[in-house]
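Step one of this worksheet: look at the structure below.
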């Protein structure tokens with residue numbers, strides 16, 4: 001039986017960041033994941049994600065973004081690889097858009113100028129767009145294309161080089177007062193603590209968490225642009241367009257030469273953790289095609305690639321204000337487990353900061369993550385004593 005101080009189950013961006021943080025501290029840690037960094041499944045698969053410094057979802061996120069940015073920059077220096085490609089972030093919606101208001105507020109609260117623009121002004125700045133003249137918009141700096149595949153490889157590299165990655169699926173956990181037995185198909189391991197970050201598979205190891213989580217299937221497409229010269233890496237922003245609260249589309253410049261990547265951010269159908277197929281359909285991507293045709297004609301065109309992502313969404317909390325789609329970064333009650341669930345479609349950019357929190361929860365008995373990330377926001381869990 002192999003022993004370790006901390007086991008990390010799931011080595012997507014969150015788990016890999018936690019394992020990297022532990023090994024950087026000299027902790028005897030092992031990571032478990034049957035999927036390699038290039039696998040076409042898992043919440044972290046694919047080449048890119050959006051990095052935003054100012055976030056409309058939660059006012060706590062700006063500090064988290066700044067911590068994550070420092071982590072990504074440290075990782076880039078240490079690995080010698082490009083992790084972030086700086087790009088402005090355009091957020092827009094009909095006049096009075098709550099998303100635009102919240103994004104501007106996040107910037108203004110942190111001392112950054114964030115002038116309210118009109119659709120007409122955006123169209124002049126970025127000629128690929130054709131927003132309605134009276135739409136509200138904000139263009140934020142501090143954004144970037146996060147090269148997710150590259151980042152995942154760089155986060156896992158030290159652990160793989162040190163023989164600290166077990167390419168096995170964890171099938172069960174056996175709890176004891178002073179340790180946890182981790183069973184895989186190929187062996188048995190004894191760990192002092194276990195960090196759980198397996199994305200949509202989390203409830204298979206923690207069934208009691210199932211009432212709080214919902215996994216949804218999310219379609220992603222790459223579109224052949226009508227005007228390629230207007231949507232390239234240096235000419236086109238990252239964008240989030242809210243035609244309504246239930247119809248949000250986001251996307252990227254054509255920085256890879258494979259088209260404009262765009263997807264709906266509103267939740268797709270509820271899915272099983274293994275529901276990665278079939279590939280995204282025309283119907284699933286129709287809202288995106290329609291949005292590009294109507295609002296970004298320079299990016300509109302045939303779908304040339306498709307993918308499927310899974311969001312793992314938390315349900316709204318009942319003990320503190322929380323509309324759901326939030327993270328869980330906390331200790332599991334009366335156990336030696338730490339839970340990391342940050343897969344609601346806007347977590348990837350925070351991975352270094354979340355990994356640090358998960359590592360600290362395993363190592364420092366006095367440490368607690370922010371209240372908005374704790375299980376105690378649900379009445380099914382004990383209220384915090386500290």
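The values are calculated or read from the model by the stated rules, or taken from the named source; none is laboratory data. Everything numeric here is computed off the predicted structure, so don't read it as measured data. Cβ coordinates were reconstructed from backbone atoms using ideal geometry, including for glycine residues, and neighbour counts include every protein chain displayed.
Considering every residue within the stretch 41-61, establish whether at least one is out of contact with any strand residue (DSSP E or B) (no Cβ under 6 Å at 6 or more places or on another chain), under 21 Å from residue 361 (Cα atoms) and surrounded by 17 or more Cβ atoms within 10 Å (Cβ to Cβ).
Residues of the stretch 41-61 that are out of contact with any strand residue (DSSP E or B) (no Cβ under 6 Å at 6 or more places or on another chain), as a first pass: 41-42, 44-47, 53, 55-61.
Okay, now just the ones that are also under 21 Å from residue 361 (Cα atoms), so 60-61.
From what is left, the residues that are surrounded by 17 or more Cβ atoms within 10 Å (Cβ to Cβ) are 61.
There is at least one residue in the stretch 41-61 that is out of contact with any strand residue (DSSP E or B) (no Cβ under 6 Å at 6 or more places or on another chain), under 21 Å from residue 361 (Cα atoms) and surrounded by 17 or more Cβ atoms within 10 Å (Cβ to Cβ).
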**Request:** Please go through the stretch 300-324 and pick out each residue that is part of a strand (DSSP E or B) and farther than 23 Å from residue 262 by Cα.
**Result:** 314
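Restricting to the stretch 167-203, name every residue that is closer than 17 Å to residue 339 by Cβ and exposed (fewer than 15 other Cβ atoms within 10 Å of the Cβ). Show your work before the answer.
Pass one, the stretch 167-203, residues closer than 17 Å to residue 339 by Cβ: 170, 172-173, 175, 180, 182, 191-203.
Result: 172, 175.
I'd like to check something: does the stretch 60-73 contain any residue that is within 25 Å of residue 308 (Cα to Cα) and at pLDDT below 95? If you could, list the steps in order and put the result at the bottom.
Going through the stretch 60-73, the residues within 25 Å of residue 308 (Cα to Cα) turn out to be none.
No: zero hits.
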**Request:** Identify all residues within the stretch 362-374 that are under 23 Å from residue 6 (Cβ atoms) and without any contact (Cβ under 8 Å) to a residue 60 or more places away in the chain; write none if there are none.
**Result:** 364, 365, 366, 367, 368, 369, 373, 374
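From the set of residues in the stretch 360-385 that are assigned to a helix (DSSP H, G or I) and under 18 Å from the mean Cα position of the chain (by Cα), which is surrounded by the fewest Cβ atoms within 10 Å (Cβ to Cβ)? Step through it out loud before you land on a result.
Initial filter on the stretch 360-385 (assigned to a helix (DSSP H, G or I)): 360-363, 371-373, 375-377.
With the extra rule that they be under 18 Å from the mean Cα position of the chain (by Cα), the set shrinks to 372-373.
On the way: 372: 17, 373: 23.
In this case the residue turns out to be 372.
Being modelled with pLDDT of 95 or more, touching a helix residue (DSSP H, G or I) at 6+ places or on another chain (Cβ under 9 Å), within 25 Å of residue 148 (Cα to Cα) and not assigned by TED's automatic domain parsing to the domain that holds residue 202 is true for just one of 354, 303, 329, 338. Which residue is that? Lay out the reasoning, then the answer.
Values: 354 fails: not assigned by TED's automatic domain parsing to the domain that holds residue 202; 329 fails: not assigned by TED's automatic domain parsing to the domain that holds residue 202; 338 fails: not assigned by TED's automatic domain parsing to the domain that holds residue 202.
After applying the criteria, what remains is 303.
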**Asked** With the stretch 57-160 as the region, which helices (runs of 4 or more DSSP H) entirely inside it contain at least 3 residues that are in contact (Cβ under 8 Å) with a residue 40 or more places away in the chain?
**Response** 61-79, 98-109
**Message:** Checking residue 228 against (1) buried (at least 17 other Cβ atoms within 10 Å of the Cβ); (2) touching a residue at least 60 places away in the same chain (Cβ under 8 Å), only one condition comes out false. Which one?
**Reply:** (2)
**Request:** Please find, within the stretch 11-45, the residue that is nearest to residue 189 (Cα to Cα) out of those that are part of a loop (DSSP other than H, G, I, E, B) and within 12 Å of the chain's Cα centre (by Cα).
**Result:** 12
